[in-house]
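Take a look at the structure set out below.
The values are calculated or read from the model by the stated rules, or taken from the named source; none is laboratory data. Quick caveat, the model's predicted, so the values are computed rather than measured. All Cβ positions, glycine included, derive from the backbone under ideal geometry; neighbour counts span all protein chains shown. We work out accessible area using only protein heavy atoms, side chains counted, and drop any ligands, DNA or RNA first. Shrake-Rupley method; radii C 1.70, N 1.55, O 1.52, S 1.80 Å.
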Amino acid sequence: MTYEEARTIVIEEIETIAPDVAPVAIGDAEDVREALDLDSMDIYNLIAALHMRLEIDIPDRDAAQFVTIGGAARWLEEHAARHRAGSAQGSD
Amino acid sequence: MGTFVMPSLGADMAAGTLVEWLKQPGDAVEQGDIIAVVETDKGAIEVEVFEKGHIGELLVEAGNVVPVGTPLARIDGSEMAGEQSSIRPAQPEIKTAAPRVAPARQLVFPRGTGQGPRASPAARKHAAELGIDLATVKGSGPDGAIQLVDVERAERMRPEAVSDPGPDLSAMRRAIAAAMSRSKREIPHYYLTHRFDLSATLGWLDHYNAERPPPGRLLLGALQLKAVAVALKEFSEFNGFYSKEGFAASPDVHLGTAVAIRGGGLAAPCIRHADTLTLSELMESLRGLVTRTRRGQFRSSEIADATATVSSLGDRGVESLLPVIYPPQVSIVGFGSVMQQPWAVEEGPVVCPVITASLAGDHRANDGHRGALLLRRIEQLLSEPDKL
């Protein structure tokens with residue numbers, strides 16, 4: 001998964017969780033809690049949604065990286081690649 | 001055979017709009033099934049049924065505003081299903097001795113009363129969806145009856161179509177204003193605050209969450225709700241309702257949970273029997289409730305009157321809050337944000353995550369001495385999260 005692909009997925013999931021905010025309008029480095037008024041429940045839902053959609057385990061200790069779109073996309077870019085490499089049936 | 005009536009979704013509700021039926025005659029229903037959507041000044045509420053059986057007849061069609069207590073549908077009991085299951089092709093006329101009332105925003109009684117503008121069911125439903133007052137629509141049907149095309153024309157002629165997926169903030173603001181004004185006018189509040197170290201709680205939470213996939217994890221909010229619910233069960237003078245007859249303690253704890261709406265507004269839907277739920281059940285309830293509240297969807301069991309309320313500022317708030325009691329309740333517990341602060345322990349000063357819990361009590365029902373014990377009990381419960 002490229003950074004751009006991951007970024008698109010993160011933005012889609014934020015839009016699903018909080019239909020009243022516009023994640024496309026903020027910068028990748030901005031804290032979504034400040035810029036979009038998301039709270040801990042929204043971040044919880046975002047991580048759970050990404051976990052379900054990408055079938056990838058996001059450890060709780062890494063949750064802090066998901067408060068920016070860039071941080072979340074970078075984490076997914078890095079770990080989705082590793083996840084796929086580790087999966088024998090990985091197909092493209 | 002049971003009757004499903006327009007529920008009272010709050011002490012101040014006189015009537016509600018039946019927006020939509022989610023079940024049809026003949027459908028089997030179980031306790032807890034959502035069978036209709038009702039609109040009140042709190043927003044659209046999904047109404048659950050508390051009987052098992054089959055939907056018999058729908059007595060009120062979608063789009064009508066009816067008073068609390070009006071029969072909306074008959075529920076045929078499972079043992080009566082054999083003789084009652086015949087589904088009638090058309091809805092029966094109801095003979096209701098209704099007073100003459102004006103249409104639209106005022107009370108409209110069930111069909112068959114001959115009141116209000118004549119309109120087809122489809123037109124009525126569509127107008128309700130669009131928020132169009134039928135009294136403003138010119139009908140082109142027989143005898144001037146309003147048809148679907150008339151509503152569609154009225155919609156096109158509106159200066160600007162309003163599309164609002166979230167809760168109605170102006171109605172919510174009015175509801176908050178009414179409840180809080182009454183609270184400050186009638187309730188002699190007293191306030192207590194208590195600051196304590198949350199290291200043990202947060203350490204346990206980190207450990208708990210580290211072992212679980214994201215959907216199984218807990219937020220501090222779930223622990224706070226459980227601790228307050230258990231403590232309220234033990235301090236009954238803080239859990240219940242105050243009325244003209246005085247205070248009546250509730251045997252159950254239905255915990256209102258203040259949920260902030262982005263862009264302004266607040267709702268406090270409740271988690272029923274919160275003291276009996278496990279932490280993961282509470283987390284699941286809280287998650288569903290916050291999500292639905294922010295979309296403007298409530299369930300009737302969540303709107304039913306809470307026995308006390310919790311208001312938590314979350315992780316981007318300030319140190320403490322002094323909350324206002326939601327009448328007819330007699331207490332509300334607040335939690336400020338967790339702050340890293342210097343803290344004195346036996347070995348000397350350290351830096352700890354510290355939280356400030358607060359209590360607003362109604363002096364007509366309880367006192368500060370017991371209030372202080374309640375807050376200390378909450379601290380104790382939170383410091384041993386493995387026992388929650």
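Among the residues of the range B:335-363, which ones are surrounded by fewer than 23 Cβ atoms within 10 Å (Cβ to Cβ), farther than 19 Å from B:Gly203 by Cβ and within 36 Å of the chain's Cα centre (by Cα)? Correct list: B:Gly336, B:Thr356, B:Ser358, B:His363.
Scanning the range B:299-316 for residues that are open to solvent by 60 Å² or more (accessible area, probe 1.4 Å) and out of contact with any strand residue (DSSP E or B) (no Cβ under 6 Å at 6 or more places or on another chain) returns B:Asp305, B:Leu313, B:Asp315, B:Arg316.
Restricting B:Arg262, B:Arg217 to those that are surrounded by fewer than 23 Cβ atoms within 10 Å (Cβ to Cβ), within 14 Å of chain A (Cβ to nearest Cβ) and closer than 15 Å to B:Leu286 by Cβ reduces the list to B:Arg217. Would you please name the residue that is farthest from the other protein chains (Cβ to nearest Cβ), looking only at residues in the range B:247-259 that are over 23 Å from B:Arg173 (Cα atoms) and in contact (Cβ under 8 Å) with a residue 24 or more places away in the chain? Per the criteria, the residue is B:Phe247. For the range A:59-80, the condition of being over 27 Å from B:His207 (Cα atoms) and either buried (at least 19 other Cβ atoms within 10 Å of the Cβ) or within 14 Å of another protein chain (Cβ to nearest Cβ) (or both) holds for none of the residues. Within the range A:49-58, being part of a helix (DSSP H, G or I) and facing chain B (nearest Cβ under 9 Å) holds for A:Ala49, A:Leu50, A:His51, A:Met52.
Taking the conditions exactly as written (open to solvent by less than 10 Å² (accessible area, probe 1.4 Å), within 23 Å of B:Leu313 (Cβ to Cβ) and in a helix (DSSP H, G or I)), does A:Leu46 satisfy them or not? Against the criterion (open to solvent by less than 10 Å² (accessible area, probe 1.4 Å), within 23 Å of B:Leu313 (Cβ to Cβ) and in a helix (DSSP H, G or I)), A:Leu46 qualifies.
One line per residue, one yes/no per condition, for (1) modelled with pLDDT under 95; (2) in a helix (DSSP H, G or I); (3) outside the structural domain of B:Gln31 (by TED's automatic domain parsing); (4) under 21 Å from A:Leu46 (Cα atoms):
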residue: B:Leu223; (1), (2), (3), (4): no, yes, yes, yes
residue: B:Val228; (1), (2), (3), (4): no, yes, yes, no
residue: B:Glu237; (1), (2), (3), (4): no, yes, yes, no
residue: B:Val253; (1), (2), (3), (4): no, no, yes, no
residue: B:Glu281; (1), (2), (3), (4): no, yes, yes, yes
residue: B:Arg292; (1), (2), (3), (4): yes, yes, yes, yes
